[in-house]
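The values are calculated or read from the model by the stated rules, or taken from the named source; none is laboratory data. None of the values given here were measured: they were computed from a predicted structure. Here the Cβ is made from the backbone with ideal geometry for all residues, glycine too, and neighbour counts use every protein chain on show.
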Amino acid sequence: MKQLVETEPGPSTAVIKDAWYVCSWSGDLRHELIARRIADEPMALYRTPAGRPVAMADRCPHRHYLLSLGKLVGDAVQCGYHGFTFDPSGRCTFVPGQAEVPRAAGVRTYPIVERDGVVWVFPGDPALADPARIPATPWIAEWNAVTGYARIGARVVLLIDNLMDLSHETYLHPSQIGTPEVAETPIETSSDGNVVRVTRHMLGVECPPFYQAATGITGRIDRSQEIAFHAPAFWALSVRIAPAGSSGTGFRSKVLHGLTPETAHSSHDFWCIVRESDRDDRSKDEQIVARQTAVLMEDVFALEALEAQLQRTTERVPEISIGIDRGGLLARRALQERSPKLPA
Amino acid sequence: MKQLVETEPGPSTAVIKDAWYVCSWSGDLRHELIARRIADEPMALYRTPAGRPVAMADRCPHRHYLLSLGKLVGDAVQCGYHGFTFDPSGRCTFVPGQAEVPRAAGVRTYPIVERDGVVWVFPGDPALADPARIPATPWIAEWNAVTGYARIGARVVLLIDNLMDLSHETYLHPSQIGTPEVAETPIETSSDGNVVRVTRHMLGVECPPFYQAATGITGRIDRSQEIAFHAPAFWALSVRIAPAGSSGTGFRSKVLHGLTPETAHSSHDFWCIVRESDRDDRSKDEQIVARQTAVLMEDVFALEALEAQLQRTTERVPEISIGIDRGGLLARRALQERSPKLPA
Amino acid sequence: MKQLVETEPGPSTAVIKDAWYVCSWSGDLRHELIARRIADEPMALYRTPAGRPVAMADRCPHRHYLLSLGKLVGDAVQCGYHGFTFDPSGRCTFVPGQAEVPRAAGVRTYPIVERDGVVWVFPGDPALADPARIPATPWIAEWNAVTGYARIGARVVLLIDNLMDLSHETYLHPSQIGTPEVAETPIETSSDGNVVRVTRHMLGVECPPFYQAATGITGRIDRSQEIAFHAPAFWALSVRIAPAGSSGTGFRSKVLHGLTPETAHSSHDFWCIVRESDRDDRSKDEQIVARQTAVLMEDVFALEALEAQLQRTTERVPEISIGIDRGGLLARRALQERSPKLPA
């Protein structure tokens, strides 16, 4: 892996704008204004009374006040400073003190798509916003899903590194999902440039507390992890847990993360856990949310410490990569191909 | 107004030093040291035992310790670190460990003038500090005055924009002073380069809560607003409220703001409300202060949000201006003529 | 002193790496990881089970996670993110998921020496780390010593300025150790480039509260202060207090400071007070620590205010120096000779 080390660029702070990003779970977007920065674009998000999601630039074209601090008037946004009003297409429909509305007074809106309970937004060039490029997520609507959110004060690639190399579970999350076998078991990786895959199959291993609680299994298990990273912003882990040696389908679930850059140094993590079994049983939801949140807070702590360390470090220090990093390095390459060029 | 948009420079962070600024209300300056940054000049302010106000650079020439952290010894300032002592003219009168005081050990003092209960300071070139250029404020001494102060974490021009366009009252201050007619009524503007005037006359309109409380009038009123902005740092609003159609002088008051830059991104707002009627009746003071503070806190919130937005925005985004902005744009021009040139 | 002013560079932010620095008192270093930045080098400090102190770069070579957030496994450090493990020499002994450990996976360790209860580290070029250059401190082991620590949000040269000119005791510490005579009494100074000395002998003067408590003497005293600053990082003040006119050795003590830059704008202050008399009497320790802490907090307040002032000041303002500054200016010169060149 030594050659990889020499040529890899380290954890980039580049922000990719030309991509579909999760900006909200459907249930969290209502007829009220939310301020959210997506890929360095400040947005005011809301849902119209008819239910349509809207993503509007969070800056009034008049004096640049934050539209998210204004109020909704029907399906329009009224600026809270001087009353400039914009319809869901961004067209200005009212200005104070005069009848004529200047044509230039419109505000940018962003392509937005809602599907399977996920709200996706495209902060970049709208000509490139092809909804066909949004990853398929049918199980969020079809299976039993719980969702959550965390803001992380770290560049998004650190979160991607984290998720592409699950051997960290053994060291960072030993009380919930890490067992020695995760770090010990070799992985297989592949990439077609758009989707990076990492798989790990563990046979006859210990069942960690997180999955004991979700499945009721306490003995030895066969456990597989199949990661599909849809560059640059969506990560899906398919998990299969079954009693060791059993040939059934076992317990199937997916852990999903919408990985959305906020700024060059901070990220949104929209996570979702879906399970195929007990599809209409909500009794385990609360415990799953609590355990997932506990795991995620360990990641947030680690990634924010790492981001702070990187920002304090002025010199360029190379990274050493080994076998477990193959997935993460493929993911970084997929990001790099999509990244704007930073000043040298 | 489109052409104005193209040529206006947006909300500048330039700090004008060659101007008289309010640095304190008379009643707030006592025989004790206050640290206050005025137009990016750190000053130690105090009043001598004889009552004379002093503005001294807040930096000991020895090792640059803050003189405002020292103590007053008679009418002199003794540095709290090594005891260097300065008289009100800034002359050094004592250094430790030796009899001879180096001639270079003096500290800068700033031209300062007290008039009508206002303390003005000139942070720039003292050769330009002509007291004749201080705006006349006789009613502060003659009428019934209440005063207050707020620090605002926003560049001073945002506060000036705010005050030059009172149509924002309708949207930002609807519970105290904004009524729909403020935004709807056309304004008249003029400028002679030193004073920018904006006037608005509203006939037979609703009386907002702020003026109901101050005047006791609850029915329809005639209401006039006459703004005089004395560039770059003093703003006076003359208000007349009278029962609709009445020909008397009605209730006359003035709202005054000393608009003093602290740094390129923060300001001091010294405000004063004077009313001609009930000149010796202090019974309404408390309520007027409370209501004015409520209004001002809405402005502080909005302007600090806007300043933060501007600082996060790296690209240059043009502003759209309309009729209500004529006064603000004339004020910005008057500032621009007085501003030091910023690096391009 | 005017010429000195013209040529002195002001309080530099240069960080000298090629020096021995105190990084801990022996009693504060245990078998647990401590994160500490020494001369801008982030270090993970710990003691092995056998008692040997270790200073390791606080950055895993794999993905740069902070090793101080990991855990100790015997005498080795295990990274808390992916389990990379390093022995006390910095050699990597384990990586996850593969048997072969890449040779490049080692981590830097720093020369470290423990002597007389002091742990010294050398953050710069190890070829220059000659233990013979560590100042001799036999009285820490032989006399009665109390130790303490403060982090100061100020560049280290401000702390050195402070300690080299004790006339500030009169103004900043009047309630504990300052009396008028400290500022009034002339000093003698000398420097051989490595050690800067400042001495002051006061005869028949008042005994300040700090020394009344330590010695029990309340009448007039002869008091001498002999400073030896071992550039760039160790300061020793030898104090002799005796009843005025007495010829005995009196009360002898030393105040010691390990002056360790943390970053260009912050410092560690490891202080120690040793007294020759009542060598085995710990009854006064608590009071000495309390009084020294009170004095030090006055210094911390002043130096952090000064650092903030310097950082806010963009223009270069010259300093005026007088006789009391001779020691401090010699110390600054000794630092300057050892400093890396800053960009002009």
**Study point:** Pairs, first more than 15 Å from residue B:161 (Cα to Cα) in the range B:294-322, second surrounded by 18 or more Cβ atoms within 10 Å (Cβ to Cβ) and modelled with pLDDT of 95 or more, C-beta under 6 Å, six or more apart
**Key:** B:309/A:66
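For the range B:152-198, which positions are of a type in the set (Val, Ile, Thr) and modelled with pLDDT of 95 or more?
First, pick out the residues of the range B:152-198 that are of a type in the set (Val, Ile, Thr): B:152, B:156-157, B:160, B:170, B:177, B:179, B:182, B:185, B:187, B:189, B:195-196, B:198.
Residues satisfying the conditions are B:152, B:156, B:157, B:160, B:189, B:195, B:196, B:198.
Name every residue in the range A:75-106 that is assigned to a loop (DSSP other than H, G, I, E, B) and among the hydrophobic types (A, V, I, L, M, F, W, C), in order of residue number.
Start the filter on the range A:75-106 by keeping residues that are assigned to a loop (DSSP other than H, G, I, E, B), which leaves A:75, A:79-84, A:87-91, A:95-102, A:106.
The answer is A:79, A:84, A:95, A:99, A:101.
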**Study point:** Residue within the range B:255-273 that is farther than 25 Å from residue B:123 by Cβ and not in a strand (DSSP E or B) present
**Key:** no
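Within the range C:2-9, identify whether any single residue is away from chain A (no Cβ under 13 Å), at pLDDT below 95 and surrounded by 19 or more Cβ atoms within 10 Å (Cβ to Cβ), and answer yes or no. Let's see the steps before the verdict.
Filtering the range C:2-9 down to residues away from chain A (no Cβ under 13 Å) leaves C:2-9.
Keeping just the survivors that are at pLDDT below 95 gives C:2-9.
Remaining after also requiring surrounded by 19 or more Cβ atoms within 10 Å (Cβ to Cβ): C:8.
Within the range C:2-9 (the criterion being away from chain A (no Cβ under 13 Å), at pLDDT below 95 and surrounded by 19 or more Cβ atoms within 10 Å (Cβ to Cβ)), the answer is yes, since at least one residue qualifies.
Would you point out which residue out of B:329, B:306, B:296 is touching a Phe, Trp or Tyr at 6+ places or on another chain (Cβ under 6 Å) and over 21 Å from residue B:137 (Cα atoms)?
Testing whether each residue is touching a Phe, Trp or Tyr at 6+ places or on another chain (Cβ under 6 Å) and over 21 Å from residue B:137 (Cα atoms) leaves just B:306.
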Point to revise | Scan of the range A:306-344 for residues that are among the β-branched types (Val, Ile, Thr) and modelled with pLDDT of 90 or more, ordered by number | key: A:320, A:322, A:324
Review point. Could you list, in sequence order, the residues of the range C:199-233 that are at pLDDT 90 or above, touching a Ser or Thr at 6+ places or on another chain (Cβ under 8 Å) and either in a helix (DSSP H, G or I) or closer than 30 Å to residue C:23 by Cβ (or both)?
Key: C:199, C:225, C:226, C:227, C:228, C:233
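Restricting the range A:33-71 to residues that are more than 14 Å from chain B (Cβ to nearest Cβ) and not in a loop (DSSP other than H, G, I, E, B), which is nearest to residue B:301 (Cα to Cα)? Walk me through it before giving the result.
So in the range A:33-71, the residues more than 14 Å from chain B (Cβ to nearest Cβ) come out as A:34, A:45-56.
When the remaining residues are screened for being not in a loop (DSSP other than H, G, I, E, B), the result is A:34, A:45-47, A:53-56.
On the way: A:34: 17, A:45: 21, A:46: 22, A:47: 26, A:53: 28, A:54: 26, A:55: 24, A:56: 22 Å.
Within the range A:33-71, the match that is nearest to residue B:301 (Cα to Cα) is A:34.
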Check your understanding: From the residues in the range C:297-318 that are within 9 Å of chain B (Cβ to nearest Cβ) and more than 25 Å from the chain's Cα centre (by Cα), which one is nearest to residue C:193 (Cα to Cα)?
Key -> C:318
Review point. Of the residues in the range A:72-104, how many are hydrophobic (A, V, I, L, M, F, W, C), facing chain B (nearest Cβ under 10 Å) and buried (at least 21 other Cβ atoms within 10 Å of the Cβ)?
Key: 4
Review point. Just checking, how many residues over the range B:148-176 are touching a Leu at 6+ places or on another chain (Cβ under 9 Å) and closer than 16 Å to residue B:270 by Cα?
Key: 13
**Study point:** Options B:158, B:166: the member that is in a loop (DSSP other than H, G, I, E, B), within 12 Å of chain A (Cβ to nearest Cβ) and of a type in the set (A, V, I, L, M)
**Key:** B:166
Revision key, fill the gap. Residue set A:260, A:249; condition away from chain C (no Cβ under 14 Å) and either buried (at least 18 other Cβ atoms within 10 Å of the Cβ) or touching a helix residue (DSSP H, G or I) at 6+ places or on another chain (Cβ under 9 Å) (or both); output residue A:260
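Is it the case that some residue within the range A:288-296 is exposed (fewer than 12 other Cβ atoms within 10 Å of the Cβ), under 30 Å from residue A:175 (Cβ atoms) and more than 14 Å from chain C (Cβ to nearest Cβ)?
Filtering the range A:288-296 down to residues exposed (fewer than 12 other Cβ atoms within 10 Å of the Cβ) leaves A:290.
Cutting the leftovers down to under 30 Å from residue A:175 (Cβ atoms) gives us A:290.
Filter again for more than 14 Å from chain C (Cβ to nearest Cβ), leaving A:290.
There is at least one residue in the range A:288-296 that is exposed (fewer than 12 other Cβ atoms within 10 Å of the Cβ), under 30 Å from residue A:175 (Cβ atoms) and more than 14 Å from chain C (Cβ to nearest Cβ).
Of everything in the range A:169-179, what is more than 9 Å from chain C (Cβ to nearest Cβ), out of contact with any Ser or Thr (no Cβ under 6 Å at 6 or more places or on another chain) and either over 22 Å from residue A:10 (Cα atoms) or of a type in the set (Lys, Arg) (or both)? Give them in sequence order.
Pass one, the range A:169-179, residues more than 9 Å from chain C (Cβ to nearest Cβ): A:169, A:173-179.
Checking which are out of contact with any Ser or Thr (no Cβ under 6 Å at 6 or more places or on another chain) leaves us with A:169, A:173-177, A:179.
Correct list: A:173, A:174, A:175, A:176, A:177, A:179.
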**Study point:** Count of residues meeting criterion [farther than 16 Å from residue B:230 by Cβ, modelled with pLDDT under 95 and in contact with a strand residue (DSSP E or B) (Cβ under 6 Å, 6 or more places away or on another chain)] in the range B:122-145
**Key:** 3
Point to revise | Yes/no for residue B:326 being loosely packed, with under 14 Cβ neighbours inside 10 Å, within 11 Å of chain A (Cβ to nearest Cβ), among the charged types (D, E, K, R) and within 30 Å of residue A:101 (Cα to Cα) | key: no
Review point. Name the residues in the range C:179-198 that are outside any loop (DSSP other than H, G, I, E, B) and of a type in the set (Gly, Ala, Ser), would you?
Key: C:183, C:190, C:191
